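Only one structure is covered here, and it is reproduced in the block below.
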Ligand SMILES: Nc1nc2c(ncn2[C@@H]2O[C@H](COP(=O)(O)OP(=O)(O)O)[C@@H](O)[C@H]2O)c(=O)[nH]1
Ligand SMILES: [Mg+2]
């Protein structure tokens, strides 16, 4: 028996104390094992109250057992679900007893459930995928649904889980296959090749493919934002109001606000939802150079961490303090910060200049300082915060509040779609070429088809699967 065929067991509910704790077992055939566990058969899909007992017949737990007979189960194998009382000690006793019974031998000297072992993370879902219960994008959506940090993300994940994203990918794949068949079929008729490839019909198919591809990429991009969120870092000089802004954005007092420079030293991170889009906002230590005034060790580390966080950010909210716009020391530090940001040349970082403390300083007075597109706010009064949120939403590429039909996607899917786009582009260039090469066109279309197949797992490597399912929780 190889690893992949071994029966597996895991606690499927969250760690800790709960009302109910679920233990799940999946294997190719569990009938005999069920008989050994409860001294009876279980009717498939019927909840039965059962008592699990020790070797000496003393009870361990009274639980609800449900048997899902293959292939009508989550994994596609036989699955037994035990809903016991949700205490960590009890659940490990249940697991222990289940393993023990699996190892018992029958009259013929055979183990009741040979090879039963603890499941690896995501192994139930991996089996569901291997048994074609879910395609790969759907299996990923299972985890995205569990990890969804906003309602909108959860809605998108369930759509992907139910196959909305896969359907679109498959529809595009069908279009590619159709065109490819067409091209391949005419390779054998050299005298008609050119006429064919320049035909109206091919042109129509190509433009339909391109249109569909653009649409999927756009939706997948938004879908990726929904699952992964946008990393926003609030940075600026000490006392600019970064922690205050963090607090108004999150609607909670999570960061300490004082007028003592250098209060925030460690990075605070909070996920906030703006119209259902998750933004992971980090409050950082105030940035300043040590040229004017030496920094203490802790502050130094805080500033270093702030810079590191900025490098990983999608959006930098560079917060300025309007009340200090005429302070030369303040302005000097601003120049220093801008210089460092510029020198760092952080790719894809969107910088949003935000001017704080409008309640005490009129931004118009400082008009020359405030650049176009910059926002002015008061973290104290809340003025301008809504506009700031709208701007963040725009930067995330998700202006619309209409999430109808929005599904989730991952970076991996986008990478594959971009490869498809490149192949389709090359194919098109060949089609438009004076001397089109049909073999090359067919090859590009084949590669595009492969990349689409990677999304749904039609073509996938062992490594990729390992990587994907390792990110799952145990028992799922
Ligand atoms: N008047 C005014 N004061 C603010 C505003 N935002 C922050 N402050 C004050 O500025 C000081 C520094 O704020 P804090 O959020 O700790 O700044 P940080 O060092 O950038 O995190 C505190 O005394 C805040 O109360 C604002 O919008 N208006
Ligand atoms: Mg602070």
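The values are calculated or read from the model by the stated rules, or taken from the named source; none is laboratory data. Please read these numbers as outputs of a predicted model, since none were measured by experiment. Cβ sites come from the backbone with ideal geometry, for glycine too, and all protein chains shown count toward neighbours.
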- Note on the structure: In the set 27, 76, the lone residue that is touching a helix residue (DSSP H, G or I) at 6+ places or on another chain (Cβ under 7 Å), within 19 Å of residue 476 (Cβ to Cβ) and surrounded by 13 or more Cβ atoms within 10 Å (Cβ to Cβ) is 76
- Query: In segment 115-129, what residues are part of a helix (DSSP H, G or I) and over 16 Å from residue 73 (Cβ atoms)?
  - Reply: none
- Task: Could you run through segment 342-366 and say how many residues are out of contact with any strand residue (DSSP E or B) (no Cβ under 7 Å at 6 or more places or on another chain) and either within 16 Å of ligand 2 (Cβ to nearest atom) or within 18 Å of residue 267 (Cβ to Cβ) (or both)?
- Result: 2
- Grab the helices (runs of 4 or more DSSP H) fully contained in segment 376-466, keeping just those with 1 or more residues being within 30 Å of residue 361 (Cβ to Cβ) and without any contact (Cβ under 8 Å) to a residue 40 or more places away in the chain. 385-395
- Task: Considering every residue within segment 31-45, establish whether at least one is part of a loop (DSSP other than H, G, I, E, B), under 13 Å from residue 97 (Cα atoms) and modelled with pLDDT of 95 or more.
- Result: no
- Task: Consider residue 287 carefully, then state whether it is more than 30 Å from residue 160 (Cβ to Cβ), more than 14 Å from ligand 1 (Cβ to nearest atom) and either modelled with pLDDT under 85 or buried (at least 18 other Cβ atoms within 10 Å of the Cβ) (or both).
- Result: no
- Given the conditions (1) closer than 29 Å to residue 224 by Cα; (2) within 13 Å of ligand 2 (Cβ to nearest atom); (3) without any contact (Cβ under 8 Å) to a residue 24 or more places away in the chain, which single one is not true for residue 283? (3)
- Can residue 275 be described as within 16 Å of ligand 1 (Cβ to nearest atom), surrounded by fewer than 20 Cβ atoms within 10 Å (Cβ to Cβ) and in contact (Cβ under 8 Å) with a residue 24 or more places away in the chain? no
- Any residue in segment 245-258 that is within 28 Å of the chain's Cα centre (by Cα), more than 20 Å from residue 378 (Cβ to Cβ) and either within 10 Å of ligand 1 (Cβ to nearest atom) or part of a loop (DSSP other than H, G, I, E, B) (or both)? no
- Could you say whether any residue in segment 434-446 is within 20 Å of residue 157 (Cα to Cα) and modelled with pLDDT of 95 or more? no
- In the set 207, 160, 132, which member is farther than 30 Å from residue 349 by Cβ and either in a loop (DSSP other than H, G, I, E, B) or in contact (Cβ under 8 Å) with a residue 60 or more places away in the chain (or both)? 132
- Total residues in segment 245-260, condition surrounded by fewer than 22 Cβ atoms within 10 Å (Cβ to Cβ) and either more than 9 Å from ligand 2 (Cβ to nearest atom) or modelled with pLDDT of 90 or more (or both): 9
- Message: Any residue in segment 243-266 that is without any contact (Cβ under 8 Å) to a residue 40 or more places away in the chain and under 18 Å from residue 306 (Cα atoms) sitting within a Cβ distance under 7 Å of a residue that is in a loop (DSSP other than H, G, I, E, B) and more than 9 Å from ligand 1 (Cβ to nearest atom)? List the pairs, counting only those 6 or more apart or interchain.
- Response: 246/254
- Note on the structure: The residue that is farthest from ligand 1 (Cβ to nearest atom), considering only those in segment 228-242 that are in contact (Cβ under 8 Å) with a residue 60 or more places away in the chain and assigned to a loop (DSSP other than H, G, I, E, B), is 229
- Item | residue 299 crowded, with 18+ Cβ neighbours inside 10 Å, assigned by TED's automatic domain parsing to the domain that holds residue 343 and farther than 26 Å from residue 393 by Cα | yes
- Task: Could you list all residues from segment 318-349 that are touching a residue at least 24 places away in the same chain (Cβ under 8 Å) and under 31 Å from the mean Cα position of the chain (by Cα)?
- Result: 318, 319, 341, 344, 346, 348, 349
- Query: Of everything in segment 136-157 that's in contact with a strand residue (DSSP E or B) (Cβ under 7 Å, 6 or more places away or on another chain) and assigned to a helix (DSSP H, G or I), which residue is surrounded by the most Cβ atoms within 10 Å (Cβ to Cβ)?
  - Reply: 153
- Within segment 56-64, is even one residue within 18 Å of residue 95 (Cα to Cα), surrounded by fewer than 19 Cβ atoms within 10 Å (Cβ to Cβ), in contact with a helix residue (DSSP H, G or I) (Cβ under 8 Å, 6 or more places away or on another chain) and in the same structural domain as residue 125 (by TED's automatic domain parsing)? yes
- Task: Within segment 332-352, identify whether any single residue is more than 26 Å from residue 149 (Cβ to Cβ), within 13 Å of ligand 1 (Cβ to nearest atom) and part of a helix (DSSP H, G or I), and answer yes or no.
- Result: yes
